[in-house]
Amino acid sequence: MTTAKDLFIIAMDPEPEHTVGQGDLSLALAGAELLDLVDAGAITVDGDLVVPGGSSVPGDRLLREAAALITRQPPYERVEDWLWRRGRDLSATYQDALEGDGELTQKRSGRLPFGPKRVELVDTPRRRHAAARREEGDPVLAALASAVGIGGGPPGQDEPHLGDETVTAVVATVHEAVMELEAVRQRRTIENTAFANIWRGP
């Protein structure tokens with residue numbers, strides 16, 4: 001089990017505090033993958049650079065894909081650039097993978113057989129593991145969840161103390177990227193509203 005998959009699963013909770021945007025989640029998943037790769041010994045984070053580590057090969061298929069995308073020659077990629085590059089449509093990639101593993105299922109809304117489909121979690125050991133990690137207040141998972149607006153641990157719990165420079169740096173960069181994405185959304189909303197008003201006229 002990886003932090004990235006745990007994060008995706010808790011983001012799919014049937015009653016989250018609010019709906020998590022796919023773009024926000026994709027950026028956080030890319031950050032979670034970096035931390036999983038650090039744990040696996042596949043990379044290190046030097047300042048704001050992603051530096052390839054030893055020849056360790058992660059056991060998880062999606063992490064192997066991520067490791068294969070790491071820039072192997074200097075100048076190495078910045079963490080922020082990695083988040084945007086790897087994070088493109090990453091939430092959809094995780095959804096497909098977890099559906100393939102039987103962790104997610106698609107069900108139709110309402111009683112009509114042709115109604116819209118929605119994705120639901122299946123009650124599996126992996127889902128229970130992710131839920132337990134969240135309830136125990138795992139600081140890394142809680143910090144990444146917080147970046148996309150999900151409470152990472154029990155109600156009333158203080159902000160997670162990460163205590164590791166690499167984790168702190170990656171999580172901070174995820175927060176910045178999510179805020180940048182929100183700024184882009186707001187700017188587009190304003191521009192679209194202004195454009196609509198021009199066509200609508202006085």
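The values are calculated or read from the model by the stated rules, or taken from the named source; none is laboratory data. Source: prediction; values computed, not measured. Backbone-built Cβ (ideal geometry, glycine too); neighbour counts: all protein chains shown.
Side notes on the structure shown:
- Residue count for the stretch 61-109, restricted to those that are crowded, with 19+ Cβ neighbours inside 10 Å and small (Gly, Ala, Ser): 4
- Among the criteria (1) in contact with a helix residue (DSSP H, G or I) (Cβ under 8 Å, 6 or more places away or on another chain); (2) farther than 16 Å from residue 177 by Cα, the one residue 96 does not fulfil is (1).
- Subset of the stretch 17-76 (residues that are in contact (Cβ under 8 Å) with a residue 60 or more places away in the chain and either among the β-branched types (Val, Ile, Thr) or assigned to a strand (DSSP E or B) (or both)): 20, 38, 44, 45
- Under the condition of being surrounded by fewer than 16 Cβ atoms within 10 Å (Cβ to Cβ) and modelled with pLDDT of 80 or more, the residues counted in the stretch 150-165 number 2.
- Enumeration of residues in the stretch 1-58 that are in contact with a strand residue (DSSP E or B) (Cβ under 9 Å, 6 or more places away or on another chain), under 20 Å from residue 146 (Cβ atoms), among the aliphatic types (A, V, I, L, M) and surrounded by fewer than 24 Cβ atoms within 10 Å (Cβ to Cβ): 12, 38, 45
- Residue that is nearest to residue 171 (Cα to Cα) [pool: residues in the stretch 31-65 that are modelled with pLDDT of 95 or more and small (Gly, Ala, Ser)]: 31
- Test: residue in the stretch 183-201 that is modelled with pLDDT of 85 or more and outside any helix (DSSP H, G or I): no
- Of all the criteria given as (1) surrounded by 15 or more Cβ atoms within 10 Å (Cβ to Cβ); (2) at pLDDT 90 or above; (3) out of contact with any Gly (no Cβ under 9 Å at 6 or more places or on another chain), the one not satisfied by residue 168 is (1).
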